[in-house]
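To start, the structure itself, in structure tokens.
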């Protein structure tokens, strides 16, 4: 897969088949569309292109919007890189771009820059200035500019919308396993390990404190989770706590992970942590000893979960 930042940087002599969308989560509904895109391109001897946008349009056009996304843009790129497409175009979404008319978008970007000969798009897709153009408009442009439009039916589009909604709801409820079923892979958190208060080490559970820069990234419900990360090409399992650490007087949300069998300094490392299952809610224990006992129970539960699900 070739990655292009902006449609204007795209160069290819081959005709293309294109789909357009946010593809947040790249979940089971999205993957059906991508599979259709890739297969169509191969059968037609064209190159497959996903055109997506960043920032999310709502971040630009609705400044008050507190939209939370399943993936950061880097996570989305990584997942799409394994989808079999030829090109991923991440076009910067700006106020200026939003002012393009439907004709300007189709003529100048889809046709002249991307060499589109086929566009696979949802029946309810809207585009152009103030989103006034629809799929019927696109089909008329197709006749004028000589490209075909394949309509993604209502059921398929609604499956995508429902999947996205269900995934976000599942994550906000802490139901990682349900979210992962829709995603067809573990939900991930990506960030840099920063120094914390060192309390975990005092308790016998030294943790890596993850700082996520992207404020728009959806963080699952506070609680204790079973996780996995690849560190120096070696997979490590562990327990993650998302919360405020109320037992020790914490007030700000932190993301702390205790990795089993790992004894190394991770400060400054960028980690991608897969979330596998939820153990329990975060609790305010009546003593440090009660907290330690709970963490020991969490460790035993996690060890058994790993043995049951990942033992070779």
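Observations on the structure shown:
- Qualifying residue in the stretch 119-128 (condition: more than 30 Å from residue 186 (Cβ to Cβ), surrounded by 14 or more Cβ atoms within 10 Å (Cβ to Cβ) and modelled with pLDDT of 95 or more): yes
- Among the conditions (1) loosely packed, with under 15 Cβ neighbours inside 10 Å; (2) touching a helix residue (DSSP H, G or I) at 6+ places or on another chain (Cβ under 6 Å); (3) more than 25 Å from residue 129 (Cβ to Cβ), the only one that residue 99 does not satisfy is (3).
- Cross-chain or 6+ apart pairs with Cβ under 7 Å, the stretch 219-244 first and in the same structural domain as residue 255 (by TED's automatic domain parsing) and free of Cβ contacts under 8 Å to residues at least 24 places away in the same chain, then crowded, with 16+ Cβ neighbours inside 10 Å and part of a strand (DSSP E or B): 235/228
- Failed condition for residue 308, given (1) in contact with a strand residue (DSSP E or B) (Cβ under 9 Å, 6 or more places away or on another chain); (2) closer than 20 Å to residue 181 by Cα; (3) free of Cβ contacts under 8 Å to residues at least 60 places away in the same chain: (1)
- Residues that are surrounded by fewer than 19 Cβ atoms within 10 Å (Cβ to Cβ), in contact with a helix residue (DSSP H, G or I) (Cβ under 8 Å, 6 or more places away or on another chain) and closer than 18 Å to residue 22 by Cβ within the stretch 131-160 comprise 156, 159, listed in sequence order.
- Sub-6 Å Cβ pairs linking a first residue in the stretch 41-69 that is in contact (Cβ under 8 Å) with a residue 60 or more places away in the chain to a second residue that is surrounded by fewer than 18 Cβ atoms within 10 Å (Cβ to Cβ) and in a helix (DSSP H, G or I), at least 6 apart or interchain, are 67/58, ordered by first then second residue.
- In the stretch 298-305, the condition of being under 30 Å from residue 59 (Cα atoms) and surrounded by fewer than 15 Cβ atoms within 10 Å (Cβ to Cβ) is met by no residue.
- When residue 157 is tested against (1) assigned to a helix (DSSP H, G or I); (2) touching a strand residue (DSSP E or B) at 6+ places or on another chain (Cβ under 8 Å); (3) at pLDDT 95 or above; (4) more than 27 Å from residue 12 (Cβ to Cβ), exactly one condition is not met: (3).
The values are calculated or read from the model by the stated rules, or taken from the named source; none is laboratory data. Everything quoted here is computed from the prediction, not taken from an experiment. So basically every Cβ, Gly included, is an ideal-geometry build from the backbone, and we count neighbours across all protein chains shown.
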